[in-house]
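Participant: There's a structure below that I have some questions on.
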Amino acid sequence: MQYASPLALGLISAAVFAVHLAGIAAAAHALMHTRTSQGTVAWVFGLILLPYFTLLPYLFLGRKHFYGYVELRHARAGHRRQHAQTPAIEAQRFTALSNMLGNEFHGGHRLSLLIDGEAAFAAMLAAVASAEHYVLVQFFIIHDDHIGGRLQAALLACAARGVHVCVLYDGVGSHGLPQSYIDRLRAGGVRIHPFTTRRWRNRLQVNFRNHRKIVVVDGWRGFVGGLNVGDEYLGSKPPLSPWRDTHMELQGPAVGDLQLAFDENWQWLRGEELTLLPPRAVDGTATCLIAATGPADAQESCSLFFVTLIHAARRRLWLATPYLVPDSAVFAALQLAVFRGVDVRILLPSRPDHRTVFMATTLWAHEAVRAGLRVFRYQPGFTHQKVALIDDDVSVVGSMNLDNRSLRLNFEVAALNIDRNFAQEVQQMLEKDFAKALEIDKNDYQQLAYPHKVALHVARLFAPVL
């Protein structure tokens, strides 16, 4: 029998000691920097007791530093506060949001509701085709398929006639985008880059993704919503088709804040500030706020955004979201809304695009129904829209899901709109969606088999990273 030499044993012991020492150091870092007590307990005990399994995941999932980005946001927020105006009366109930985000409400907008992929892409591609100065494009997912090819051709045509084109895509969300697609755009004069930091100290932070969907043309036409670039968003890929989604176009001063959200990402990644045009004045009546949230914020800005919306509801709160994995603050706010007598309804898909998230959503849906909320499952296909309707005059269209990833981990963006006519359009849209949905009954959970219930609870254990 052969035994390890003293030198080998010494090296193994040194390696074990080094791993445990690194685990203790990482645990100290988690103790000081993890925001939630649950996350802190999980990381600290895991890093101290099982550093062999938790140290590497912590480097990718637990660390949270955005060198340069925070300073950039603070500088711009300070500039905005110096030039802030007194918000309109109808927007004063959301003053806390304006203060938190560093953006102000602007009046005088023209809004267009874009229902599903055909309408949304027709409007965005038409706007791109009319561009005279620049086009800013940002999506979480871009596919090299039919609609991806149409976008590519439109951007190349812009660049060919001298329009400046800047494109950002998320490196994880668009992991399947071939290099040939990117190379062709660059060869045609389009500046395209993945959302990955240029600073080496941030390179391990793969857990924080850019989920925003932004298109701005010449500084005065802006688009925001739930659609990415892929044929599935046109409803052409079963089993999730027909795909249900919502986007919107806004024209007016808030487009300036939408393009600044893009420019912050661009400047952080590329180290250069874009030359942007001021929005044009239009004859609209809507008041709008651009809510750009993300993990670099000093607070849980997306969660607080939802909490503020929910607390503002007095008569109605309708939400459409593909995922329902809320944090305790959001769920408590929803419960309080029910106690206030608010008509709280949530529209969810009936088909899963991510099995574990769907199972966790199912458990939360049953708990929401038992708490007095009305929850519906959309039947025709998959619903991916992120829409909120508050009372008779407030609506939200954007990229924010009701899950931990949007609430804490992703960079997100949405337009909060105060306008009765636009809210009525949103109401009519959602009424049609609810008419095609089945309501979850409070007794449905009891009819599930016990192994199914266990599986739902196990799935919810993964809520912090879903």
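Participant: Counting pairs of alpha carbon atoms under 8 Å apart in space and at least six apart in sequence, what relative contact order in percent does the chain give? Intermediate results must be reported in sequence, preceding the final value.
Facilitator: Values: 904 pairs, mean separation 74.1, N = 466.
Computed value for the chain: 16 percent relative contact order.
Participant: Sticking with this structure for a sec: Could you sort the peptides 343-351, 441-449, 160-168, 385-393 by per-residue average Cβ neighbour count (10 Å cutoff), highest mean leading?
Facilitator: Details: 343-351: 20.1, 441-449: 11.9, 160-168: 17.2, 385-393: 21.9.
Those peptides, ordered most packed to least, come out 385-393, 343-351, 160-168, 441-449.
Participant: Let a ≥ b ≥ c be the square roots of the eigenvalues of the Cα gyration tensor of region 359-448; is it rounded (a/c under 1.5), or, if not, prolate (a/b larger than b/c) or oblate? Provide the component values of the computation, followed by the final result.
Facilitator: Working: a/c = 2.08, a/b = 1.37, b/c = 1.52.
Oblate, since a/c reaches 1.5 and b/c is not below a/b.
Participant: Further question on the same structure: Which order do His384, His311 fall in if you start with the one that has the fewest other Cβ atoms within 10 Å?
Facilitator: Values: His384 24, His311 17.
Ascending number of Cβ neighbours within 10 Å: His311, His384.
Participant: Which of rounded, prolate or oblate describes region 244-358 when judged by the alpha-carbon gyration tensor and an a/c cut-off of 1.5?
Facilitator: Working: a/c = 1.95, a/b = 1.54, b/c = 1.26.
Here region 244-358 falls in the prolate category.
Participant: Please compute one quarter of the surface area of the Cα convex hull for region 69-286 and express it in square nanometres.
Facilitator: Working: hull surface 51.9 nm².
It is 13.0 nm².
Participant: Still on this structure, please answer the following. Would you mind calculating the relative contact order of region 69-286 from Cα pairs under 8 angstrom and at least 6 residues apart, reporting the percent as a whole number?
Facilitator: 28
Participant: Given region 309-466, what percent of its DSSP beta bridges are antiparallel, to the nearest 5?
Facilitator: Details: 16 of 27 bridges.
Beta bridges within region 309-466, antiparallel portion: roughly 60 percent.
Participant: Okay, next question. Sort 400-411, 368-379 by the packing proxy (mean of other Cβ within 10 Å over each peptide's residues), most packed first.
Facilitator: Order by mean packing, descending: 400-411, 368-379.
Participant: With a cut-off of at most 14 other beta carbons within 10 Å, and DSSP calling the residue loop, which GluC sites (Glu not before Pro) in region 248-351 qualify? Please list them.
Facilitator: Details: sites: Glu249, Glu264, Glu272, Glu273, Glu300; in loops: Glu272, Glu273, Glu300.
In loop regions of region 248-351 (DSSP not H, G, I, E or B), the sparsely surrounded GluC sites (Glu not before Pro) are Glu272, Glu273.
Participant: Cα-Cα pairs above 25 Å in region 197-307: how many percent? Intermediate values should be presented prior to the final figure.
Facilitator: Numbers: 2279 of 6105 pairs.
Of all Cα-Cα pairs in region 197-307, 37 percent lie more than 25 Å apart.
Participant: Starting from the exponent 0.38 and prefactor 2.2 Å, build the expected Rg for the chain from its residue count and divide its actual Cα Rg by it. Please list the in-between numbers first.
Facilitator: Numbers: Rg = 23.3 Å, N = 466, 2.2 N^0.38 = 22.7 Å.
Rounded to two decimals, the normalised Rg is 1.03.
Participant: I've got another one for you. Normalised by the residues of region 332-414, what does the relative contact order come to in percent, with Cα pairs under 8 Å and at least six apart? Let's see the in-between values first.
Facilitator: On the way: 78 pairs, mean separation 21.1, N = 83.
About 25 percent, as a whole number.
Participant: How big is region 318-396 along each principal axis, measuring the range of its Cα positions in Å and listing the largest first?
Facilitator: The Cα atoms of region 318-396 stretch 34, 25, 19 Å along the principal axes, largest first.
Participant: Any chance you could tell me what percent of the C-alpha pair distances in region 301-465 go past 26 Å?
Facilitator: Values: 2857 of 13530 pairs.
Result for the distance tail: 21 percent.
Every read-out reported here was derived from the displayed coordinates using simple, explicitly stated rules and does not represent laboratory data. Quantities reported herein were computed from a predicted structural model and do not represent experimental measurements. Note that we place each Cβ from the backbone using ideal geometry, even for glycine, and neighbour counts take in every protein chain shown.
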